[in-house]
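Working notes, beginning with the structure itself.
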Amino acid sequence: MSAEEQQHLIPRPRFWPSVPVATDPLFEPGITGGYVGAFSVTRSLCAPDDDLEYPGPEVDALAASLRVPLTFSFKDAEVYGVLYHDPGRPNGIDTNVVSYHAGHGGTDDEGVYAAILYHQGDCGAYSDLMAIGARRCRYVFWSTCNSTLIKGPYTPWRTWRPANHGFRMIFGYETSCSDDPGYGAAFVRNARWGFCFSVAFLLAAWDADPGQIPVATACGAEPPETHERLWREKVFSAEAVDPEVWEWVSLEEVARLHEPNLVYPPTLQIAVLDPGFAFPPAALARRFAIDPETLHLEDSRLVAADGGRRLTMEQSGRWCVHLAELADHIEYGGPQLPDEQALALAEQALREFDLPLSLYRAERIAHLYEDTSRVSIPPPYRPAHRATLVEFRQLIEHLPVVTPDAGTFQVIVAADGTVTSIVSSFRRVMGMSDQPVSGPPPIGLPDPEEALQRELQLLLERLDFDADRLGAVTVVPGTSEIGYDIQGNHAVLVAQRRVELTSSNGVTKRHLLKAVLYG
């Protein structure tokens with residue numbers, strides 16, 4: 001075996017050296033200070049059962065992923081409505097180029113959004129009372145449920161036009177979303193890979209929960225400017241815009257190609273995973289016709305670029321290759337790309353680049369829908385299908401990996417049929433073992449339903465959530481399944497499902513339950 005072929009057996013280093021940078025390259029060079037301000041509300045006194053687990057850790061992970069410090073990170077009792085409603089307030093929402101809020105939220109029947117805050121008597125920050133962008137903020141992230149509605153009579157313009165005094169882009173959700181710590185850090189990672197901000201946000205949300213509908217919105221004075229911003233903005237700018245035109249893109253699952261597995265496998269084993277790279281970097285670059293001599297360390301990740309193609313490899317072994325610029329292939333005047341054709345093109349790409357298609361199965365298909373509104377043009381709006389995401393899931397002994405952000409190939413196919421990028425979180429299996437990592441094999445098998453009910457009770461206790469109200473806890477349809485969960489360098493057998501909790505004040509949040517059955 002050659003040295004190159006053995007590279008995948010070399011354990012990845014715990015830390016790669018970071019290339020020093022004066023500022024974060026995600027920001028324009030002229031921006032000095034006032035980069036990002038963050039708010040997170042994990043607990044609220046406005047409702048006794050309004051608590052969450054991850055808004056605080058979500059903001060902490062975002063901060064760790066950036067190369068510039070947060071100007072501030074206000075949490076729980078430090079968060080007041082005046083920070084959103086008073087545009088001249090020091091350390092308010094309009095004092096940084098990027099503002100990020102994580103917590104509970106929702107939009108009422110009139111299209112007014114409210115972020116749920118901590119203090120009694122100061123329970124909400126309301127979109128119709130905000131003025132964002134008059135001073136500095138150009139990008140607003142609402143990591144809460146129902147923050148940018150796009151269906152029925154609702155649009156981002158309807159909710160956020162009164163608040164927009166110059167911001168360029170706003171990010172949020174049409175649906176209820178999942179409580180997850182990874183959104184912000186995943187967005188930054190995807191942006192560093194070279195995705196435009198819109199697609200970086202959509203993919204980050206998909207990795208957390210493919211059942212939610214994320215929405216990225218761009219604003220501008222004219223349609224061409226706004227369209228370019230939506231599909232090509234990759235660097236944070238401090239320049240304000242005239243919010244005359246609003247254009248947005250959403251990511252929505254349209255097909256699940258296999259029913260979830262609900263039974264134990266015939267043999268109970270765990271998988272031992274290769275701690276090294278699943279694909280040797282130089283060999284992987286050659287598969288995509290990228291000169292391996294261009295491989296270099298860039299901001300703690302391996303990067304190779306050649307002929308318009310770019311490969312990025314993370315310390316974790318996750319990698320992304322850009323084969324073409326998505327924005328160059330979405331203006332397609334022909335008929336909508338059928339899902340069957342998009343799937344065939346994605347499978348063809350994996351075969352062409354000699355990726356292990358036999359170890360995967362096509363699992364989900366999602367559409368990137370674009371829509372637009374102008375102040376002078378009333379609804380209805382007609383979304384355009386601009387691209388298709390095809391996700392393949394890794395199989396271990398014929399059972400799928402169910403970890404939301406691991407064990408996948410994600411292939412983006414543009415409207416004209418061009419495969420523009422492939423993202424991999426594949427882990428090579430070195431062998432199977434009948435010895436659980438946690439100790440001796442259990443006597444008897446746990447009932448999956450009982451195990452998930454125990455996990456639900458633990459969640460309710462941690463959140464001090466009142467589950468006795470009618471409709472307080474609902475199981476999200478189609479999310480119960482048994483499969484392998486990647487934990488470090490092992491894949492263990494788990495049962496998992498998503499539940500949606502509805503607080504007494506009507507706000508919702510989805511939570512992932514996971515119970516180890518054998519591991």
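The values are calculated or read from the model by the stated rules, or taken from the named source; none is laboratory data. Owing to the predicted nature of the structure, the values given are computational and were not obtained by experimental measurement. We place every Cβ from the backbone using ideal geometry, glycine too, and count neighbours over all the protein chains shown.
Determine, yes or no, whether Ser250 is at pLDDT 95 or above, under 22 Å from the mean Cα position of the chain (by Cα) and polar (S, T, N, Q). Answer is yes for this residue. Residues of segment 348-365 that are touching a residue at least 40 places away in the same chain (Cβ under 8 Å) and either part of a loop (DSSP other than H, G, I, E, B) or in contact with a helix residue (DSSP H, G or I) (Cβ under 7 Å, 6 or more places away or on another chain) (or both): Leu350, Phe353, Asp354, Leu355, Pro356, Ala362, Ile365.
Does Ala240 satisfy the condition of being part of a loop (DSSP other than H, G, I, E, B) and either on the phi < 0 side of the Ramachandran plot or of a type in the set (Ser, Thr, Tyr) (or both)? So Ala240 fits the description; yes. Among residues of segment 148-175 that are of a type in the set (Val, Ile, Thr), those with a Cβ under 9 angstrom from a residue that is part of a helix (DSSP H, G or I), sequence gap 6+ or separate chain, pair up as Thr148/Pro156; Thr148/Thr159; Thr148/Trp160; Ile150/Pro156; Thr159/Ser127; Thr159/Asp128; Ile170/Pro156; Ile170/Trp160. Considering only residues in segment 129-175 that are basic (Lys, Arg) and under 13 Å from Val245 (Cα atoms), the one that is modelled with the highest pLDDT turns out to be Arg168. Meeting the requirement of 3 or more residues that are closer than 30 Å to Asp434 by Cα and within 24 Å of the chain's Cα centre (by Cα), the strands (runs of 3 or more DSSP E) wholly within segment 457-517 are 481-487, 490-502. The condition of being in contact (Cβ under 8 Å) with a residue 12 or more places away in the chain and not assigned by TED's automatic domain parsing to the domain that holds Arg427 holds for only one of Pro280, Pro292, Pro265, Pro275, that being Pro265. The residue of segment 118-128 that is nearest to Leu463 (Cα to Cα), among those that are at pLDDT 95 or above and in contact with a Phe, Trp or Tyr (Cβ under 8 Å, 6 or more places away or on another chain), is Ala125. Could you list all residues from segment 247-304 that are out of contact with any Leu (no Cβ under 8 Å at 6 or more places or on another chain) and within 30 Å of Arg158 (Cβ to Cβ)? Across segment 247-304, the qualifying residues are Glu252, Glu253, Val254, Ala255. Among the residues of segment 379-436, the ones that are part of a strand (DSSP E or B), of a type in the set (A, V, I, L, M) and over 25 Å from Thr267 (Cβ atoms) come to 11 in all. Whether a residue is without any contact (Cβ under 8 Å) to a residue 40 or more places away in the chain and over 24 Å from the mean Cα position of the chain (by Cα) was assessed, and Gly333 passes this test. The residue that is surrounded by the fewest Cβ atoms within 10 Å (Cβ to Cβ), counting only those in segment 464-487 that are among the β-branched types (Val, Ile, Thr) and touching a Lys or Arg at 6+ places or on another chain (Cβ under 7 Å), is Val475. If the condition is being charged (D, E, K, R), in contact with a Pro (Cβ under 8 Å, 6 or more places away or on another chain) and surrounded by 18 or more Cβ atoms within 10 Å (Cβ to Cβ), then segment 122-144 contributes only Arg135. The condition of being part of a loop (DSSP other than H, G, I, E, B), touching a strand residue (DSSP E or B) at 6+ places or on another chain (Cβ under 8 Å) and surrounded by fewer than 23 Cβ atoms within 10 Å (Cβ to Cβ) holds for only one of Ser147, Ser176, that being Ser176.
For first residues located in segment 507-519 and farther than 23 Å from Leu52 by Cα, partners that are among the small types (Gly, Ala, Ser) and part of a strand (DSSP E or B) and lie 6+ apart or on another chain with Cβ distances below 9 Å form the pairs Leu517/Ala495; Gly519/Ala491.
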